[in-house]
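Q: Please find one structure pasted underneath; my questions will follow.
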Amino acid sequence: MSEQQPGNGQGRAPDRPAPGSGGEDAPQESGSVPARTRLAGRGGRIARGAIVGLVAGGAGLAIGELAAVATGEASAPVTAAGTWAISITPTWLEQFAIRNFGSNDKTVLLIGVYVTLAVAAAIDGVLARVRPITATILTTLVGVVGAIAAVTRPAAHTSWLLPSLLAGLAAALVLRWLTVLSLKEPRPSAEPSERRRFLFGTLGTAAGALAVGYGGNAWTKKRYDVSGARDKVVLPTPANALPEPPASVHPEVRGLGPFFTPTSEFYRVDTALAVPRVDPREWKLKIHGMVERPFEITFDELLSYRFEEHDMTLTCVSNPVGGPYMGNARWLGTPLAPLLRRAGVRRGADMLMSTSTDGMTIGSPVEAVLDGRQAMLAIAMNGEALPTQHGFPCRMLIPGLYGYVSATKWLVDLNLTTFASSDAYWTPRGYSPQAPVKTASRIDVPADGATVASGTVVLAGTAWANHRGIAAVEIQIDNGPWQEAKLATSDTPDTWRQWSYEWTNAPRGSHKVRVRATDGTGAVQTSVVQDVVPNGASGYHTITVRVS
Ligand SMILES: Nc1nc2c(c(=O)[nH]1)N[C@H]1C(S)=C(S)[C@@H](COP(=O)(O)O)O[C@H]1N2
Ligand SMILES: [Mo]
């Protein structure tokens with residue numbers, strides 16, 4: 001880290017503050033100190049400043065974490081800053097992150113926030129030695145900016161200002177204190193006790209910050225934990241009786257995933273940096289807007305309704321051709337249409353705007369809820385209450401539509417409105433207001449680029465045309481004719497359909513294998529290659545297989 005600037009090596013004390021900075025001067029070295037020592041001394045001061053800055057920043061964040069025990073996890077400084085960053089992330093960057101980091105995108109974002117703060121804190125610490133007032137103001141300002149980021153989140157309370165404000169103040173105080181200790185410490189005339197004071201002050205603060213930060217975070221997690229409430233939910237018995245899910249709907253093909261995605265492997269896509277923890281005892285759902293009779297229901301009321309089980313494949317619009325962002329589950333929910341009828345949808349209301357507890361808004365066509373398909377408010381998947389990250393206690397599902405226009409997690413509000421007058425979260429970000437799932441298919445076996453033994457090669461995968469169903473799947477090898485694949489038993493039109501194909505006498509060499517599906521209306525999957533934005537990727541999934 002070279003602070004050397006052109007024309008700076010003139011023998012002036014490099015850390016000398018500008019006049020009028022009001023700061024206390026960095027200790028001046030006597031003119032007799034050789035140049036080398038002077039440089040080492042300067043490096044040492046920069047290192048001390050950076051360490052002091054980092055420790056002060058850490059102490060601030062720790063106080064912020066502690067304050068968030070009272071105000072909630074989403075208001076903690078780093079979480080709030082990260083959540084704000086997500087909200088302003090341009091769509092190209094979001095797509096880049098999903099493509100490259102997948103479900104680790106949130107970890108990458110958090111690392112980004114921490115690194116940014118650390119660099120700023122280190123610089124601030126160096127600055128504090130020469131411009132203490134400026135550094136104090138900057139530190140406090142970072143806290144103010146964090147507080148604004150927190151309080152402007154759609155679901156924020158005024159109290160969300162607190163953690164970042166306190167973090168900024170605490171960081172500024174610690175920065176000042178440690179800087180003063182540090183400026184006294186390296187003086188040759190300094191008392192040994194002064195040196196120790198700096199060392200112990202810094203180490204002690206760092207240790208305290210770690211303890212308070214981790215402790216505060218753990219306390220918050222415990223305080224808002226809903227796993228106990230989740231365990232206590234007694235799932236209603238479904239009014240319809242579905243047959244037990246079969247172990248496999250398809251003759252075993254090694255490497256082909258199960259028909260029902262295990263909940264632990266179910267993809268997760270959302271903007272929630274802190275997973276919302278909603279206590280079902282406090283949960284309420286409001287139905288309002290363009291309705292005759294707005295009303296509110298509690299979780300207990302919800303449980304008293306008619307519940308049904310339904311198998312449904314959920315698909316993310318961000319799933320690239322051949323991608324993993326989809327899953328199939330057995331959902332338990334109460335039909336949504338009767339709730340809308342009870343409210344009495346007014347003429348002209350064509351959009352159901354649903355909102356989650358963290359302020360996500362999702363717009364769905366009212367038509368899709370009322371046209372007879374099994375739109376539901378789901379409370380369980382695969383026989384268990386929804387996991388918190390999949391929307392506990394209640395989420396919306398509408399067969400046939402991508403998740404971003406139908407599958408609101410942590411649902412708390414249903415507003416009847418119009419597409420003309422309301423924009424849901426993703427619309428100004430470049431996604432279509434309405435988006436039925438496109439017919440698509442995927443080759444899972446063998447993996448792209450795999451080498452297989454010559455003879456008979458088994459190809460297998462899945463295909464989906466949510467709510468239209470899959471009528472056929474075809475395979476093309478190199479530029480040969482399209483050949484019918486064998487389809488697994490159909491579950492419902494709302495679920496994906498697995499398929500396989502026996503490629504006999506596969507010749508040695510490298511081959512391209514393509515797949516395409518035909519939906520229940522007879523329409524063949526489009527070969528037109530399109531990106532995720534604005535309404536889902538299209539094109540044929542193609543893999544390369546080496547037969548040896
Ligand atoms: N509250 C909330 N609900 C949400 C989202 C979100 O970001 N916040 N993402 C949607 C998107 S884009 C998809 S694909 C599905 C994913 O649901 P899952 O995470 O349970 O698989 O949830 C939808 N519901
Ligand atoms: Mo999605």
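The values are calculated or read from the model by the stated rules, or taken from the named source; none is laboratory data. Predicted model, so just to flag it, every value in this text is computed and none were measured. Glycine gets a Cβ as well: all are built from the backbone with ideal geometry, and neighbour counts include every protein chain shown. Protein only, heavy atoms only, side chains kept; ligands, DNA and RNA dropped before computing areas. Shrake-Rupley method; radii C 1.70, N 1.55, O 1.52, S 1.80 Å.
Q: Can you tell me which residue in the stretch 420-450 is nearest to ligand 1 (Cβ to nearest atom), limited to those that are β-branched (V, I, T) and buried (at least 21 other Cβ atoms within 10 Å of the Cβ)?
A: Only one residue fits best here, namely V437.
Q: Among the residues of the stretch 242-262, is any of a type in the set (S, T, N, Q) and away from ligand 2 (no atom under 16 Å from the Cβ)?
A: Scanning the stretch 242-262 turns up at least one residue that is of a type in the set (S, T, N, Q) and away from ligand 2 (no atom under 16 Å from the Cβ).
Q: While we're here: Considering (1) more than 23 Å from E308 (Cα to Cα); (2) basic (K, R); (3) not assigned by TED's automatic domain parsing to the domain that holds R281, say which one R230 fails and leave the rest.
A: With respect to (1) more than 23 Å from E308 (Cα to Cα); (2) basic (K, R); (3) not assigned by TED's automatic domain parsing to the domain that holds R281, R230 is out only on (1).
Q: Something else about it: Got at least one residue in the stretch 439-460 being over 24 Å from M312 (Cβ atoms) and of a type in the set (K, R)?
A: no
Q: Answer yes or no as to whether A170 is surrounded by 12 or more Cβ atoms within 10 Å (Cβ to Cβ), among the hydrophobic types (A, V, I, L, M, F, W, C) and at pLDDT 95 or above.
A: Here the answer is yes, as A170 does meet what is asked.
Q: Hey, another quick one. How many of the residues making up the stretch 219-236 are exposed (fewer than 13 other Cβ atoms within 10 Å of the Cβ) and either among the hydroxyl-bearing types (S, T, Y) or not in a helix (DSSP H, G or I) (or both)?
A: 2
Q: Could you check R342 against (1) within 16 Å of ligand 2 (Cβ to nearest atom); (2) of a type outside the set (A, V, I, L, M); (3) open to solvent by 10 Å² or more (accessible area, probe 1.4 Å) and say which number it fails?
A: That leaves (1) as the condition not met.
Q: Quick check on the stretch 193-208. Is at least one of its residues open to solvent by 40 Å² or more (accessible area, probe 1.4 Å) and touching a Pro at 6+ places or on another chain (Cβ under 6 Å)?
A: no
Q: Ok, one more. Need pairs with beta-carbon distance below 7 Å; first residue of a type in the set (K, R) and within the stretch 422-440, second outside any loop (DSSP other than H, G, I, E, B) and open to solvent by 20 Å² or more (accessible area, probe 1.4 Å); sequence gap 6+ or separate chains.
A: If the second residue must be outside any loop (DSSP other than H, G, I, E, B) and open to solvent by 20 Å² or more (accessible area, probe 1.4 Å), the pairs left are R429/T91.
Q: Which residue out of T388, T408, T357 is among the polar types (S, T, N, Q) and in contact with a Phe, Trp or Tyr (Cβ under 6 Å, 6 or more places away or on another chain)?
A: T357 is the lone residue from the list that is among the polar types (S, T, N, Q) and in contact with a Phe, Trp or Tyr (Cβ under 6 Å, 6 or more places away or on another chain).
Q: Out of K409, K486, report the one residue that is within 14 Å of ligand 1 (Cβ to nearest atom) and open to solvent by 10 Å² or more (accessible area, probe 1.4 Å).
A: Result: K409 is the single residue among K409, K486 that is within 14 Å of ligand 1 (Cβ to nearest atom) and open to solvent by 10 Å² or more (accessible area, probe 1.4 Å).
Q: If you don't mind, there's one more thing I want to ask. Scan the stretch 286-301 residue by residue and report those that are more than 28 Å from the chain's Cα centre (by Cα) and under 22 Å from W331 (Cβ atoms).
A: Those that are more than 28 Å from the chain's Cα centre (by Cα) and under 22 Å from W331 (Cβ atoms): I297, D300, E301.
Q: Name the single residue that is surrounded by the most Cβ atoms within 10 Å (Cβ to Cβ) among those in the stretch 264-284 being within 16 Å of M326 (Cβ to Cβ), near ligand 1 (Cβ under 10 Å from one of its atoms) and not hydroxyl-bearing (S, T, Y).
A: Ranking the candidates gives D270 first.
Q: Whether any residue in the stretch 324-347 is in contact (Cβ under 8 Å) with a residue 24 or more places away in the chain, over 30 Å from G461 (Cα atoms), in contact with a Pro (Cβ under 7 Å, 6 or more places away or on another chain) and not assigned by TED's automatic domain parsing to the domain that holds V445 is what I want to check.
A: yes
Q: Residue check: is N415 among the polar types (S, T, N, Q) and either over 27 Å from I86 (Cα atoms) or crowded, with 24+ Cβ neighbours inside 10 Å (or both)?
A: no
Let's see how each residue does on (1) acidic (D, E); (2) open to solvent by less than 10 Å² (accessible area, probe 1.4 Å); (3) assigned to a helix (DSSP H, G or I):
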site: E301; (1), (2), (3): yes, no, yes
site: M312; (1), (2), (3): no, yes, no
site: A329; (1), (2), (3): no, yes, no
site: D358; (1), (2), (3): yes, no, no
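Q: Taking the residues in the stretch 368-424 that are within 16 Å of ligand 2 (Cβ to nearest atom) and touching a helix residue (DSSP H, G or I) at 6+ places or on another chain (Cβ under 8 Å) as candidates, determine which candidate is nearest to H310 (Cα to Cα).
A: Restricting to residues being within 16 Å of ligand 2 (Cβ to nearest atom) and touching a helix residue (DSSP H, G or I) at 6+ places or on another chain (Cβ under 8 Å), the top hit is I398.
Q: Sticking with this one: If the Cβ limit is 7 Å and pairs must be 6+ apart or interchain, which residue in the stretch 517-543 that is free of Cβ contacts under 8 Å to residues at least 60 places away in the same chain pairs with which residue that is part of a loop (DSSP other than H, G, I, E, B) and among the charged types (D, E, K, R)?
A: Short answer, once both residue conditions are applied: G520/R468; T521/R468.
Q: Another question, then. Right, T521: of a type in the set (V, I, T) and either in contact with a His (Cβ under 6 Å, 6 or more places away or on another chain) or within 22 Å of F259 (Cβ to Cβ) (or both) or not?
A: So T521 does not fit the description; no.
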